Amino acid sequence: MKLPVTIHQARFGAAEFKVIRPARPLSRAVLLDHDRHLDAYLDQDAARRIGGLWKLAASSPRSLIHLPMRGNRAPSGALPEDGTRQLDLVLLHHSLQFAPARWKEVRGRLGVGRPRTVTLPGPKDTGEAVIDYEARRYRENRDLFHQHLHAETLFMTGSAKVFRETARHFFDIARNGPGYVPGHPNYPHYCTEFHSNEGVLGDAREIHIEYRDRWDA
């Protein structure tokens, strides 16, 4: 899988931060904050590329992966309810120890970036065959996502393992959503979820991910 991205650098004295963004806007992707949970609506292209960026987060422990999407229009029939808000998303490895409070300043210093194409394992190589689901339930499990919210941005912090193993959610949406929705006109709902019972959420809310093929003009 080849994924076009842009590489950005922001320097603060002796500290330098590397930020990776998708080269093309994720125009049909929306992330909504519902207080107790989060909803993501994606078309096929956005789901496939986010799956790739999820894998990139697993192999780029020194980088912030930034997915700008909070200014996107919502899909048809899924306008935000009162009290919800749209968010950007940042993926990062826990060893980076980045303070979300610094994000607004870092974001403000990012330029156009340098284009680059990264090569990642294909969508079918999700690692599902080697996932030890039982081990996720051990108290000693440290491969968990933690979330922080700052500057209209959701920070998903985790290990390489948890990013690598959960990329499958997005590839599932990209692979199966486009065929399922038109074939089920009475209930055109195809989704997956980062569920609390999955054993990947630490200090983090559930994320419901839904395929959408119709978006407001």
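If you take the residues of segment 163-213 that are hydroxyl-bearing (Ser, Thr, Tyr) and within 16 Å of the chain's Cα centre (by Cα), which of them is nearest to SER95 (Cα to Cα)? My answer is THR166. Given the criteria buried (at least 21 other Cβ atoms within 10 Å of the Cβ) and more than 25 Å from GLY179 (Cβ to Cβ), does HIS34 qualify? No, not satisfied. Might you let me know whether segment 40-50 holds any residue that is within 23 Å of HIS195 (Cα to Cα) and open to solvent by 60 Å² or more (accessible area, probe 1.4 Å)? Among the residues of segment 40-50, at least one is within 23 Å of HIS195 (Cα to Cα) and open to solvent by 60 Å² or more (accessible area, probe 1.4 Å), which makes the answer yes.
For segment 75-116, a tally of residues being at pLDDT 90 or above, among the aliphatic types (A, V, I, L, M) and within 28 Å of ARG212 (Cβ to Cβ) returns 5. Against the test of being of a type outside the set (A, V, I, L, M), at pLDDT 95 or above and on the phi > 0 side of the Ramachandran plot, the options GLU152, GLU206, GLU193 yield a single qualifying residue, GLU152. Please work out if ALA14 is over 19 Å from HIS150 (Cβ atoms) and in contact with a strand residue (DSSP E or B) (Cβ under 8 Å, 6 or more places away or on another chain). No, not satisfied.
The values are calculated or read from the model by the stated rules, or taken from the named source; none is laboratory data. Only a predicted model underlies this, so the values are computations on that prediction, with no experimental measurement involved. Heads up, the Cβs are rebuilt from the backbone with ideal geometry, glycines too, and the neighbour counts pull from every protein chain shown. Quick note on the areas: whole protein, heavy atoms, side chains included, nothing else; ligands and nucleic acids left out. Shrake-Rupley method; radii C 1.70, N 1.55, O 1.52, S 1.80 Å.
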